[in-house]
Amino acid sequence: MLNVTPHPANSPGSHDSPHKRLFLHNRALQTSTVLARIEELEAAWIEPLVEDLADRTPPLAGRAEWKERLDGLLVLEREGSPAGSYLAEKATRAQFTHVVKEFALDGLTEAQNFFPAVPRLPIRAQMAVMRVLIDEFGCGNLQQTHSKLYLDLLAELGLPQELESFIDSTGDETYAFLNVFYWLTQRATDVEYFLGALAYLEASIPDAFQVQARACARLGIARGRYYTEHLHIDTFHMREMQTAIKEYEAARGLDATKLWIGARLLSGLIGSAFDAAVERAREVA
Ligand SMILES: [Fe+2]
Ligand SMILES: [Fe+2]
């Protein structure tokens, strides 16, 4: 378990929520006790969420329909949101810093929680996902790892460098977005949910991170490479994820409906996390 120093009860953001507990359990040594708690928390949260999405999703004919639906979702999201426009065009440095702080647990643990999916995939799909992971980890060069790029951004904004510093200030919506990957890779019965979610994420970031890149340029933040690097590299990652899905289908057949449920699940969670982060940032003077 992470070494979490207790916060004073009245400090802002200090809370003990099921989402925060689930994150800490997900990062802990997976003893049978810890795993039982994880399953309990997930049964009350993610399982109903996925069931609800499954009820509302008519079956997809196959991979071509999945790609069509994904493209449609990306077009919709490309239009942007009021939260995105605010962050790109109006947020103060303090407000932008607040959003960076909100996503620190994501940036600092970036891609670590994808690994358990690898052994669940056929070998050719493993290779495509591994090519993504190798980039996420800077091809083995610390200076290029995405988590190090996030550390550089945190340093410029005067934020702490340790993961533990963000445990008590991270919102539940962000925790839900973080926790979903632990479920997708390790406990979802079908790995298509993970493939669909990651294919969506890699394809959405080249548009989504334009917001933060524009904010960095406007606010004169020099170490915004975390965002600009993603604008570039995720155009490759989105293709690798399409390859992973094709190879999965060739080896095992494919349930395209589950890909789509995975994408919608992640799109909903990341959208809520981003909107909540910007809303809370706007309360910052
Ligand atoms: Fe990344
Ligand atoms: Fe990526």
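Can you return the lysines within cross-link range of residue 246? Criterion is Cα-Cα under 25 Å, with same-chain partners fewer than 8 residues away left out. Straight-distance partners of residue 246: 67, 258.
Using only the Cα atoms of segment 76-118, build the gyration tensor, take square roots of its eigenvalues as a ≥ b ≥ c, and label the shape rounded, prolate or oblate: rounded if a/c is under 1.5, else prolate if a/b is larger than b/c, else oblate. Numbers along the way, then the final one.
Values: a/c = 5.46, a/b = 1.61, b/c = 3.39.
Because a/c hits 1.5 or more and a/b fails to exceed b/c, segment 76-118 counts as oblate.
Dipole size of segment 48-92 about its Cα centre, with +1 on Lys/Arg Cβ and -1 on Asp/Glu Cβ: approximately 140 debye, rounded to the nearest 20.
Once you charge only the Cβ atoms, +1 for Lys and Arg and -1 for Asp and Glu, what is the size of the charge dipole of segment 90-222 about its Cα centre, to the nearest 20 debye?
Numbers: 10 positive and 16 negative charges, 69 e Å.
The dipole of segment 90-222 has a size of about 340 debye.
With respect to the chain, whose longest principal axis is taken over its alpha-carbon atoms, helix 32-44 is tilted by about 90°.
Here's the picture: charge each Lys and Arg Cβ at +1 and each Asp and Glu Cβ at -1 in the chain, and of 281, 227, 270 the one pushed furthest to the positive end of that dipole is 227.
Cut-off is 10 Å between beta-carbons; in what order do 33, 92 appear when sorted fewest neighbours first?
Fewest-to-most Cβ neighbours within 10 Å comes out as 33, 92.
In sequence order, segment 225-242 has phi-based couplings of 5, 3, 7, 5, 4, 5, 4, 7, 6, 6, 5, 7, 5, 5, 6, 4, 5, 5 Hz under the Karplus curve 6.51 cos²θ - 1.76 cosθ + 1.60, θ = phi - 60°, and Gly or Pro positions carry x.
Calculate the dipole size of segment 18-282 relative to its Cα centre from +1 charges on Lys and Arg beta carbons and -1 charges on Asp and Glu beta carbons; express the result in debye to the nearest 20.
On the way: 28 positive and 37 negative charges, 98 e Å.
With Lys and Arg at +1 and Asp and Glu at -1, about 460 debye.
Note that the chain shows a convex hull volume over its alpha carbon atoms of 131 Å³ per residue.
Using the number of other C-beta atoms within 10 angstrom as an exposure proxy, rank 118, 75 with the fewest first.
Ordered by Cβ neighbours within 10 Å, fewest first: 75, 118.
Entry note, segment 18-282: relative contact order of 32 percent, from Cα contacts under 8 Å with a spacing of 6+ residues. Computed from Cα atoms, the angle from the helix 172-186 axis to the main principal axis of the chain rounds to 30 degrees. Excluding same-chain neighbours fewer than eight residues apart, the aspartates and glutamates reachable from residue 101 by a Cα-Cα span under 17 Å are 110, 152, 156, 162, 164, 168, 172, 173, 275, 279, 283.
Beta carbons within 10 angstrom, averaged per residue: use that to sort the peptides 106-116, 133-143, 181-191, highest first.
Details: 106-116: 17.8, 133-143: 13.1, 181-191: 19.5.
In descending order of packing, they fall as 181-191, 106-116, 133-143.
None of the figures in this text is laboratory data; all of them are computed from the coordinates on show. Here the structure is a predicted model, which means the values were calculated and not measured. All Cβ positions, glycine included, derive from the backbone under ideal geometry; neighbour counts span all protein chains shown.
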